[in-house]
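All of the numbers you see were taken from the coordinates with simple rules; none came from a lab. This is a predicted model, so every value here is computed, not measured. Positions of Cβ are generated from backbone atoms using ideal geometry, with glycine treated the same way; all protein chains shown enter the neighbour counts.
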Amino acid sequence: MKEPRWLPKDLVLAVHNRQLAEHGGATGVRDAGLLESALARPQNLFAHGESDAAALAGAYAFGIARNHPFVDGNKRTAAVACELFLALNDAILANRIQEIVLVAEARHEQRLAEMASLISERRDQIRVILIAGPSSSGKTTSSKRLSVQLLANGISPYPLEMDNYFVEREKTPRDEEGNFDFESINALNREQLAHDLKRLIAGERVQLPRFNFRTGTSEPGDTVQLQKGQIIIMEGIHGLHPELLPNLPAEHTFRIYISALTQLNLDRYNRVSTTDTRLLRRIVRDARERGYTAQDTIRRWESVTRGEKRNIFPYQENADLIFNSALVYELSVLRPFAEPLLRQVPFGTHEYIEAKRLLALLEWFAPTKREFVPNNSILCEFIGDSILKDFKAWGQ
């Protein structure tokens, strides 16, 4: 009989930490019992004759990914038989991409409708919906599609822009490199936000601020009075932070966490990185909306992810609901947009190495034409032509 072969502690921790990063900072192993269960998977594989350390570590990683609490992607991909990228490519080559797209988008709409129904059941209590998530998760489009679903439930939402509550530029905290840290909770004028929300909820007329990003100052904005039954929707990275609105009763809030938790696998043990999907989304959007090169976006990405680890991921379990904004087909659509941008990154630069890695990832996916993507898709927030770009709910 073979002697048990245990994985070194450092190897297990390395695999575990990688899974945390790959899945947006969250883990499905939420207590010691589940952790023990996950660690037992490699042991079970060994009992059936597998003794390769890499495979054992992979079995552990697969267990973490499958148990991830925020991912309903296994059900989504099963619905269209696309758990592996090869199945997606086969579907594209067999002209089944329209089916894949429609089913994936229907799953999104179904989840948003479920969220709106839950909010509707508590319409007499909920006054503020808070939406948070990391960069390029599709928060803007998701909040607008949720607004449409709320309207279908007879609820009129009012979007309140958190970005208008920045403190004056000279009061903005700085990060460890001496740059303005706009992603810090202390970059927000929380006292003013709490004061305005209290008055809005009470039915008073309130003159809202408008932040001038050019001058770094707060200016007078629109004067607003909510209609009876209206619910405020606020989107921003600090939506789940306990210090954002500490005095607002919990029963008056509904918190939603949004992230693109990629459900597509490269093989049995390796998923497409969630962070890579979001970075590719951002590269495409930054080029289209801001004129940034892929090198610009990649250079800024480290700072973005550092802020996410500090300001978003620690509070994601404060959410009442999770929305996975990933689409099983999106890398095939993003490929024709992202490839020419990544190829322009100059050789010899630090960003070139990352660009080459992303190009290698995209090569696994057969390209898909943009014409198959519905114009209300979250993907249109990045590739353009979204019907929701200028959408405003009734009563605004």
Inset, instruction - Return the loop-located GluC sites (Glu not before Pro) in segment 94-131 (DSSP other than H, G, I, E, B) with at most 15 other Cβ atoms within 10 Å of their own Cβ; answer none if there are none. - result: none
Legend entry - Ascending count of other beta-carbon atoms within 10 Å, so fewest first, for K228, K392: K228, K392
Inset, instruction - Could you tell me which of the pairs K228/K389; K369/K389; K171/K228 are separated by over 30 angstrom between their Cα atoms in the structure shown? - result: K171/K228
Inset, instruction - Give me E183, E176 ranked fewest to most by other Cβ atoms within 10 Å of their Cβ, as a rough exposure proxy. - result: E176, E183
Legend entry - Formal net charge of residues neighbouring F391 (Cβ-Cβ distance under 14 Å; K, R +1; D, E -1): 0
